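What follows is a set of notes on a single structure, which appears directly below.
The values are calculated or read from the model by the stated rules, or taken from the named source; none is laboratory data. Note that the coordinates shown come from a computational prediction; the quantities given were computed from them, not determined experimentally. Ideal geometry is used to build each Cβ from the backbone, glycine not excepted, and the neighbour counts take in all protein chains shown.
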Amino acid sequence: MGTAGLSSLEGSSGGGIASWATIGGYGSKNGLGTAFHYTYVNVSDYQNQNIGGLIGIYNRIELSYTHNFFQTQGTGRKLGIGKGYQFDLDIVGIKARLFGDLAGSSLIPQVAIGAMYKHDSDQHVIHAVGARSTDGGDVYIAATKLFANAHVIVDATMRLTKGNQWGIIGFGGDRNNSYHPQFEGSIGYLPSFIPGLVVGAEYRSKPRNQNFTPESNWFDAYATYFVNKHLNVTLAYVSLGTIATYRDQTGVYASLQTGF
């Protein structure tokens with residue numbers, strides 16, 4: 001259990017805020033695997049929900065899709081865009097495993113490359129806050145390894161992106177409109193006395209594209225319980241820093257995933 005990873009905020013398999021080299025679903029090299037998820041994030045001044053699914057093909061290729069509903073609640077009125085204003089972000093992803101084995105005895109990690117196409121439907125507001133585009137793409141390379149004897153899973157990912165708050169506030173800006181590498185890292189511990197439990201932390205660096213609002217690096221501390229191969233539940237504390245001029249965006253992350 002757990003070798004397929006979770007469903008990240010952007011739909012690909014991995015951690016909550018980081019994409020891993022895992023291929024989602026539990027399909028073998030001769031079959032298909034699928035996973036579907038619902039995620040809820042509630043921080044100090046905003047709320048985000050996303051729903052999506054993925055398919056793993058022969059444990060080699062992953063195709064994913066997710067839709068984010070980013071709700072400004074009462075903060076929308078203070079920002080001048082209307083109380084309860086909602087940003088909608090669609091993300092389509094593809095990932096390919098290059099080499100390595102996540103759980104094998106070799107020290108060589110599983111390595112994968114991936115790409116995401118992102119579309120934000122709120123063109124008027126996106127341009128008003130200084131973003132250059134409502135459409136953007138990310139590319140990344142990830143290395144993930146489960147050290148079974150130590151009960152530890154580790155991931156390191158390098159991403160090229162222009163996304164503001166992963167694309168919710170568009171792509172590029174008046175400060176910067178170029179791709180720059182960003183780092184994502186995850187570590188998890190699997191205690192042997194509670195089979196199916198994983199606890200850990202993640203970190204993700206973010207670009208600074210807009211003068212309108214500084215953007216902060218992200219952090220979370222999570223606990224995931226795999227009930228079985230078909231169901232897992234994740235709870236996390238998240239610290240997302242500044243979002244659209246509002247600082248100290250901390251709160252809760254909850255996700256439910258089913259997989260086959």
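Okay, here's what the table says:
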| quantity | calculated |
| --- | --- |
| Residues of region 1-24 satisfying the condition of being farther than 19 Å from Y117 by Cα and either in contact with a Pro (Cβ under 7 Å, 6 or more places away or on another chain) or surrounded by fewer than 24 Cβ atoms within 10 Å (Cβ to Cβ) (or both) | M1, G2, T3 |
| Only one of G31, G56 that is more than 15 Å from Q165 (Cα to Cα) and crowded, with 20+ Cβ neighbours inside 10 Å | G56 |
| Candidates V198, V227 - the one that is surrounded by fewer than 15 Cβ atoms within 10 Å (Cβ to Cβ) and not in a loop (DSSP other than H, G, I, E, B) | V227 |
| Top-ranked residue of region 175-195 - restricted to ones that are surrounded by 15 or more Cβ atoms within 10 Å (Cβ to Cβ) and farther than 19 Å from V233 by Cβ, ranked as farthest from the chain's Cα centre (by Cα) | N176 |
| Cβ-Cβ under 6 Å pairs, at least 6 apart or on other chains, region 92-118 side modelled with pLDDT under 95, far side in a loop (DSSP other than H, G, I, E, B) and hydroxyl-bearing (S, T, Y) | L102/T3; A103/T3 |
| Any hit, region 101-116, residues being among the polar types (S, T, N, Q), in a strand (DSSP E or B), under 22 Å from the mean Cα position of the chain (by Cα) and closer than 18 Å to A4 by Cβ | yes |
| Selection count where residues are more than 20 Å from I243 (Cα to Cα) and touching a helix residue (DSSP H, G or I) at 6+ places or on another chain (Cβ under 9 Å), scope region 155-189 | 1 |
| Pairs where the first residue, in region 171-184, is of a type in the set (F, W, Y) and the second is surrounded by 20 or more Cβ atoms within 10 Å (Cβ to Cβ) and in a loop (DSSP other than H, G, I, E, B), C-beta under 7 Å, 6+ apart | F171/A131; F171/K162; Y179/K162 |
| Candidates K95, K118 - the one that is surrounded by 13 or more Cβ atoms within 10 Å (Cβ to Cβ) and either of a type in the set (D, E) or out of contact with any Phe, Trp or Tyr (no Cβ under 8 Å at 6 or more places or on another chain) (or both) | K95 |
| Which numbered condition Y65 misses (of (1) over 25 Å from I194 (Cα atoms); (2) at pLDDT 95 or above; (3) buried (at least 20 other Cβ atoms within 10 Å of the Cβ)) | (3) |
| Subset of region 34-53 [among the hydrophobic types (A, V, I, L, M, F, W, C) and either buried (at least 22 other Cβ atoms within 10 Å of the Cβ) or within 30 Å of V111 (Cβ to Cβ) (or both)] | A35, F36, V41, I51 |
| Pick from region 155-165, criterion assigned to a strand (DSSP E or B) and out of contact with any Gly (no Cβ under 8 Å at 6 or more places or on another chain), ranking: surrounded by the most Cβ atoms within 10 Å (Cβ to Cβ) | R159 |
| Residue within region 125-136 that is part of a loop (DSSP other than H, G, I, E, B) and loosely packed, with under 14 Cβ neighbours inside 10 Å present | no |
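Every residue, every condition in (1) charged (D, E, K, R); (2) part of a strand (DSSP E or B); (3) surrounded by 17 or more Cβ atoms within 10 Å (Cβ to Cβ); (4) in contact with a helix residue (DSSP H, G or I) (Cβ under 7 Å, 6 or more places away or on another chain), yes or no:
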site	(1), (2), (3), (4)
Q73	no, no, no, no
G82	no, no, no, yes
L89	no, yes, yes, yes
D138	yes, yes, yes, no
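Listed here are the residues, each with its yes/no results for (1) modelled with pLDDT under 95; (2) within 12 Å of S44 (Cβ to Cβ).
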position: D220; (1), (2): no, no
position: H230; (1), (2): yes, no
position: Y237; (1), (2): no, no
position: R247; (1), (2): yes, yes
position: L256; (1), (2): no, no
